[in-house]
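Encoded as structure tokens, the structure appears first; notes follow it.
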Amino acid sequence: PIGFPNRGNDCFWLAALQCLRHTPGFADALSAHRSEFADDLAAALAGLICDMDLAAAEGRQISSEDAALSIFRRAAALSLPASDGGRHLVQEDEKEQQQQDTHEFLNQVLDALSSSPLVGEQPPTPRACDDQGSARLEAIEKELTVAAELRVAERLSRCPEGHMLHPWDAQPGACDGCGRRIFDGETVMDCRCCNWYLCEACHSRDFGDPEARERESRNVDNLLYEYSMVQWAASSTRMQSRALGALFEGQCLASVHCRGCGRYGASGAEPFTVEEVKVGDHYQEEPSLVSRLSTWVGLPQPEQPKAFLGELIRESAESPAPEGYRCPNRDCARIGSSSRTMQFLRLPVTLVLHVNRARADGSRCEVPLNFGPILDLGKLGLVAHFGQPLDRNLEVCSTCYHLIGAVFHRGATERSGHYFAYVLVEGEWVRLDNESVTRPSEEAEATPMALEESEPANGARVALLFYRRDDT
């Protein structure tokens with residue numbers, strides 16, 4: 001590992017580049033890329049990584065006037081799009097450089113690097129015609145909805161008179177299916193027209209032919225598979241570089257489900273490179289009067305709340321449907337009863353997570369994040385698969401990931417303060433903070449997990465996490 005010189009406000013992109021450089025396969029993917037154009041970001045980054053390798057071998061530091069570093073700054077300033085206020089994230093002129101968001105820089109770099117094939121790569125597989133792809137997607141979505149309705153049709157979703165059942169907090173009574181006593185406030189499926197309702201057990205009971213249900217289930221799986229393939233082929237956000245796509249690209253499968261009538265509908269199967277988890281305002285409450293008094297008199301403070309990575313991923317995977325969304329089922333047509341669920345379909349080799357801590361008032365949520373060296377998406381119930389979990393090439397793969405890098409931020413907002421990185425090198429954690437390269441010896445800083453745990457309020461908080469799939 002080798003450090004980078006910071007001109008003052010460069011740390012947000014220096015830290016992200018350190019994690020990219022130490023992502024297995026990344027340097028190799030860029031190594032053969034050459035270009036004569038000054039704004040070719042891939043060639044500039046390949047040259048910079050090569051220069052870093054040479055400097056590390058020679059035992060020297062990279063200076064701020066280093067030719068490869070200057071070439072990269074110029075290429076980044078020319079090729080990355082303008083951000084808020086029309087300014088580019090990376091500036092050639094030191095006086096023009098401002099502190100920026102490391103996540104925004106990482107997204108822009110990956111988008112720019114993969115906007116076209118690298119030198120020596122075969123062009124990507126031709127995509128389906130937009131019109132044809134859209135027409136087929138619409139047809140599959142309708143077939144999926146019908147197939148899913150067939151699969152749940154035997155769940156007694158209607159009363160004997162044929163009226164649709166709806167969730168209701170019941171008054172005391174008896175279930176009209178099994179006769180069981182219903183307690184006050186218990187959720188049942190109620191007919192609005194008749195004095196008739198079912199307990200959850202009766203509503204969920206399958207009365208259909210098991211073989212027919214199995215056929216319907218297979219039909220739904222086949223339709224979902226075709227739906228995801230068409231979405232993948234027709235997507236305009238696919239990475240054009242095969243080498244980089246093989247490292248970072250995955251695919252999510254989303255669906256919308258109505259709690260009122262049980263209607264299911266596919267809602268997208270888009271590629272992704274960076275997933276976001278949100279540490280929301282509900283994790284950080286204002287200090288109570290007791291807490292303030294304890295601080296004033298010098299008493300120990302109660303342990304601050306924590307957010308857990310697994311829970312955050314689940315929260316981001318399950319969300320209400322967009323505001324105002326009406327269930328398309330004409331017999332239901334309820335607003336606010338639908339939820340959207342996301343699962344990982346094609347698992348990427350490198351899973352990059354952005355920990356979004358921005359609050360509504362622009363400040364940073366200070367709640368520490370509990371994350372571990374191992375992340376198993378399968379155990380979290382977040383993997384959609386057709387028999388076995390699949391990778392980007394639809395080959396069977398592991399659902400377990402190991403942490404290989406992290407970017408930390410210290411400051412009031414994402415566009416202020418300081419960024420630095422941790423990378424895993426030969427099984428040991430190395431801290432890269434501008435020019436400084438250290439293997440922390442203190443227990444509180446020995447690993448990214450320990451640092452997050454030990455930092456005080458307003459201290460360093462993780463902003464990016466790089467996880468590597470086990471079977472790679």
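Could you say whether any residue in region 187-207 is modelled with pLDDT under 80, touching a helix residue (DSSP H, G or I) at 6+ places or on another chain (Cβ under 9 Å), of a type outside the set (A, V, I, L, M, F, W, C) and open to solvent by 50 Å² or more (accessible area, probe 1.4 Å)? Within region 187-207, one or more residues are modelled with pLDDT under 80, touching a helix residue (DSSP H, G or I) at 6+ places or on another chain (Cβ under 9 Å), of a type outside the set (A, V, I, L, M, F, W, C) and open to solvent by 50 Å² or more (accessible area, probe 1.4 Å). Being surrounded by fewer than 21 Cβ atoms within 10 Å (Cβ to Cβ) and out of contact with any strand residue (DSSP E or B) (no Cβ under 6 Å at 6 or more places or on another chain) is the requirement here; does PRO456 meet it? Here the answer is yes, as PRO456 does meet what is asked. When we screen VAL367, VAL352, VAL396 for residues that are within 17 Å of the chain's Cα centre (by Cα) and of a type in the set (Val, Ile, Thr), the only hit is VAL352. Note on region 318-349: among residues that are assigned to a strand (DSSP E or B) and among the hydrophobic types (A, V, I, L, M, F, W, C), the one that is surrounded by the fewest Cβ atoms within 10 Å (Cβ to Cβ) is ILE335. The set of residues from region 23-37 being surrounded by 13 or more Cβ atoms within 10 Å (Cβ to Cβ) and at pLDDT below 90 comprises SER31, HIS33, ARG34, SER35.
I'd like to know if region 371-393 contains one or more residues that are open to solvent by 40 Å² or more (accessible area, probe 1.4 Å), more than 20 Å from GLU275 (Cα to Cα) and assigned to a strand (DSSP E or B). No, the conditions are met nowhere in region 371-393. Of everything in region 422-449 that is hydrophobic (A, V, I, L, M, F, W, C) and surrounded by 16 or more Cβ atoms within 10 Å (Cβ to Cβ), the residue that is farthest from ALA406 (Cα to Cα) is VAL437.
So that you can scan it fast, the table gives a plain yes or no per residue for (1) more than 30 Å from VAL349 (Cβ to Cβ); (2) at pLDDT 90 or above; (3) surrounded by 18 or more Cβ atoms within 10 Å (Cβ to Cβ):
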{"site": "LEU224", "(1), (2), (3)": "no, no, yes"}
{"site": "LEU244", "(1), (2), (3)": "no, yes, yes"}
{"site": "GLN251", "(1), (2), (3)": "no, yes, yes"}
{"site": "HIS257", "(1), (2), (3)": "yes, no, yes"}
{"site": "ASP281", "(1), (2), (3)": "yes, no, no"}
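Inspection of region 169-186 finds a residue satisfying the criterion of being modelled with pLDDT of 70 or more, under 36 Å from the mean Cα position of the chain (by Cα) and not in a strand (DSSP E or B). Taken over region 350-370, residues that are in contact (Cβ under 8 Å) with a residue 24 or more places away in the chain and either in a loop (DSSP other than H, G, I, E, B) or open to solvent by 30 Å² or more (accessible area, probe 1.4 Å) (or both) amount to 11. Tell me, yes or no, whether region 85-103 has at least one residue that is of a type outside the set (A, V, I, L, M), closer than 20 Å to GLU249 by Cβ, in contact with a strand residue (DSSP E or B) (Cβ under 6 Å, 6 or more places away or on another chain) and modelled with pLDDT of 90 or more. Checked against the condition, which is being of a type outside the set (A, V, I, L, M), closer than 20 Å to GLU249 by Cβ, in contact with a strand residue (DSSP E or B) (Cβ under 6 Å, 6 or more places away or on another chain) and modelled with pLDDT of 90 or more, region 85-103 yields at least one hit. When GLU426, GLU366, GLU414, GLU395 are checked against the criterion of being closer than 24 Å to TYR225 by Cα and not polar (S, T, N, Q), a single residue qualifies: GLU395.
For region 434-466, a tally of residues being part of a strand (DSSP E or B), touching a Leu at 6+ places or on another chain (Cβ under 9 Å) and closer than 29 Å to GLY280 by Cα returns 5.
Among all positions in region 122-132, there is at least one residue which is at pLDDT 70 or above, in contact with a helix residue (DSSP H, G or I) (Cβ under 8 Å, 6 or more places away or on another chain), not hydrophobic (A, V, I, L, M, F, W, C) and not in a helix (DSSP H, G or I). Scanning region 7-33 for residues that are in contact with a helix residue (DSSP H, G or I) (Cβ under 8 Å, 6 or more places away or on another chain), outside any helix (DSSP H, G or I) and either within 22 Å of SER64 (Cβ to Cβ) or of a type in the set (Ser, Thr, Tyr) (or both) yields one hit, THR23. Among the residues of region 416-423, not a single one is part of a strand (DSSP E or B), touching a His at 6+ places or on another chain (Cβ under 6 Å) and of a type in the set (Gly, Ala, Ser). No other residue among PHE4, PHE37 is free of Cβ contacts under 8 Å to residues at least 12 places away in the same chain and not in a helix (DSSP H, G or I) apart from PHE37. One residue stands out among those in region 57-84 that are surrounded by 17 or more Cβ atoms within 10 Å (Cβ to Cβ) and either polar (S, T, N, Q) or assigned to a loop (DSSP other than H, G, I, E, B) (or both): the one that is farthest from the chain's Cα centre (by Cα), which is ASP66.
Does region 287-309 include one or more residues that are open to solvent by 20 Å² or more (accessible area, probe 1.4 Å), at pLDDT 85 or above and in a strand (DSSP E or B)? Yes, region 287-309 has at least one match.
Scanning region 85-103 for residues that are touching a residue at least 60 places away in the same chain (Cβ under 8 Å) and open to solvent by less than 60 Å² (accessible area, probe 1.4 Å) gives LEU89, VAL90, GLN97, GLN99, GLN100, ASP101, THR102, HIS103.
The values are calculated or read from the model by the stated rules, or taken from the named source; none is laboratory data. What you see is a predicted model, and the numbers here were worked out from it, not measured in a lab. Here the Cβ is made from the backbone with ideal geometry for all residues, glycine too, and neighbour counts use every protein chain on show. The accessibility values were calculated without ligands, DNA or RNA, using every heavy atom of the protein model including side chains. Shrake-Rupley method; radii C 1.70, N 1.55, O 1.52, S 1.80 Å.
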